[in-house]
Amino acid sequence: MGQKISSTTSNNKKNSSFLSFLKLFSSQEPSLVSSTSPRTGIFAKLTTPSAIDPNDFTRLISNCISFASTRTQEYLLFKDPEGKLQPSPLALTQVFLMTYITQSVNLDFTDTFNCTAMTPEQRILLGADWVWAILEKPTKNPKIQIAVQVLHLPEREEAEERATTRKPVSESIQIARMESRNKNVYERMVEFCTSIGMDCYALFLFFGKKDDRENIYGVLSNNFAAAVGKCDKIDRALLENFFTASRYFHTPLGMIQAIFTKKTDEALTLMIKFS
């Protein structure tokens, strides 16, 4: 696995559970986005505009996220004329992560904003595919964390599930499934973020949704736990309802700026359009 995420200084006790999992299984005005955006070629060179200040981490981070979204969208839109090839959910998630990590390493800001990919066992237990963290200096303890879970189109997830059920699984995967059997994957990530506190955000990243299969959207909040008291469970339908109630979407830059400038213990919920 990549770099470990350690606890914040104010949440040492709460965050120790996350560290045990790792050891066990080795306010500015937000930017808004329009409904359409230009597409770039799949082999477009990923570079950072020279006009961006190398010390402006919000723009550097958001540009890396936008590059990753654009690259992933190309694969999301891919249609094989013969109908034989279709990127799997795992492949799409890996394309996003690999593109983002490559850019962030090239721009050399991983000591300020790092990315930790979860192991298969951690994905089951925590519900997250990866965790972004804003690091304090010089301790490199995470000041703010963003746990990310990717949601794919239902037919892609069903095809992946059918293929997975035919494969043997390791003992550690079986244990993780047993430990997490009482909650769905959405609830597990919300529970993980809630256990850390208001400085941990859950970001549900939709690689296509039912009314727009070609774009990437997100719902981010540090207060999903409030929804638990208003409904029986957190599921995909509840998350998609956030988009129905929203009149506009933030850009990746608007999302990062809102997180960086939020006051301590302030609730924040955003809808984002990444592509």
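The values are calculated or read from the model by the stated rules, or taken from the named source; none is laboratory data. If you're wondering where the values come from, they're calculated on a predicted model, not measured in any experiment. We place every Cβ from the backbone using ideal geometry, glycine too, and count neighbours over all the protein chains shown. Remember, those area values only see protein heavy atoms, side chains included, never the ligands or the DNA or RNA. Shrake-Rupley method; radii C 1.70, N 1.55, O 1.52, S 1.80 Å.
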task = Please name whichever of Thr261, Phe192, Trp132 sits farthest to the positive end of the charge dipole of the stretch 89-273, dipole taken about the Cα centre and charges placed at Cβ: Lys and Arg +1, Asp and Glu -1.
result = Thr261
request  = Could you give the spread of the C-alpha atoms of the stretch 89-273 along their three principal axes, from largest to smallest, in whole angstroms?
outcome  = 46, 37, 32
message = I'd like to check one number: the per residue accessible area of the stretch 89-273, probe 1.4 Å, reported in Å² as a whole number.
response = 46 Å²
remark   = Counting only protein heavy atoms and leaving out ligands, DNA and RNA, the solvent-accessible surface of Glu266 at a 1.4 Å probe, in Å² to the nearest 10, equals 80 Å²
ask   = When only Cα pairs under 8 Å and 6 or more residues apart are kept, what is the percent relative contact order across the stretch 89-273?
value = 18 percent
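With a ≥ b ≥ c taken as the square roots of the eigenvalues of the C-alpha gyration tensor of the stretch 102-164, please select rounded if a/c is under 1.5 and otherwise prolate if a/b is larger than b/c or oblate if it is not? Walk me through the numbers before you get to the answer.
Numbers: a/c = 3.22, a/b = 2.22, b/c = 1.45.
Prolate, since a/c reaches 1.5 and a/b exceeds b/c.
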task = Under 15 Å between C-alpha atoms is the cut-off here; go through the stretch 89-273 and count lysine pairs that meet it, provided they're at least eight residues apart or on different chains.
result = 5
message = Let me cross-check Thr139: its accessible surface, 1.4 Å probe, with only protein heavy atoms counted, in Å² to the nearest 10?
response = 80 Å²
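DSSP loop (so not H, G, I, E, B), at most 13 other Cβ within 10 Å: list which trypsin sites (Lys or Arg not before Pro) in the stretch 191-275 pass both filters.
Numbers: sites: Lys209, Lys210, Arg213, Lys230, Lys233, Arg236, Arg247, Lys262, Lys263, Lys273; in loops: Lys210, Lys230, Lys233, Arg247, Lys262, Lys263.
Of the trypsin sites (Lys or Arg not before Pro), the ones in loops of the stretch 191-275 whose Cβ has at most 13 other Cβ atoms within 10 Å are Lys210, Lys230, Lys233, Arg247, Lys263.
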query = For the stretch 55-116, what class follows from the C-alpha gyration tensor (a ≥ b ≥ c being the square roots of its eigenvalues): rounded when a/c is under 1.5, otherwise prolate if a/b is larger than b/c, else oblate?
reply = prolate
inquiry  = I need the trypsin sites (Lys or Arg not before Pro) found in the stretch 105-205, filtered to DSSP loop residues with at most 10 other beta carbons within 10 Å of theirs.
reply    = Arg166, Arg181
request  = Of the DSSP beta bridges with both residues in the stretch 149-275, give the percent that are antiparallel, rounding to the nearest 5.
outcome  = 70 percent
Rounded accessible area of Ser172 (nearest 10 Å², 1.4 Å probe) = 30 Å²
key: Whole-Å distance, taken between Cα centres, linking the stretch 192-210 and the stretch 239-258   = 13 Å
query = Across the stretch 113-128, in residue order, what do the Karplus-derived ³J(HN,Hα) couplings come to in whole Hz, using 6.51 cos²θ - 1.76 cosθ + 1.60 with θ = phi - 60° and x for Gly and Pro?
reply = 9, 10, 10, 10, 6, 7, 6, x, 5, 5, 4, 5, 6, 9, x, 9
task = Provide the per-residue ³J(HN,Hα) series for the stretch 75-92, in order, calculated from phi with Karplus coefficients 6.51, -1.76, 1.60 and θ = phi - 60°, each as a whole number of Hz, with x at glycine and proline positions.
result = 6, 4, 8, 4, 10, 7, x, 8, x, 9, 10, 8, x, 6, x, 4, 5, 5
request  = List every residue whose amide H lies under 5 Å from the amide H of Leu151, counting only residues 5 or more places away in sequence or on a different chain, with H placed 1.01 Å from N in the peptide plane.
outcome  = Leu205, Phe206, Phe207
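Ignoring ligands, DNA and RNA, what percent of the accessible area of the stretch 233-275 is carbon or sulfur (1.4 Å)?
Working: 1040 of 2010 Å².
Ligands and nucleic acids excluded, carbon and sulfur give 52 percent.
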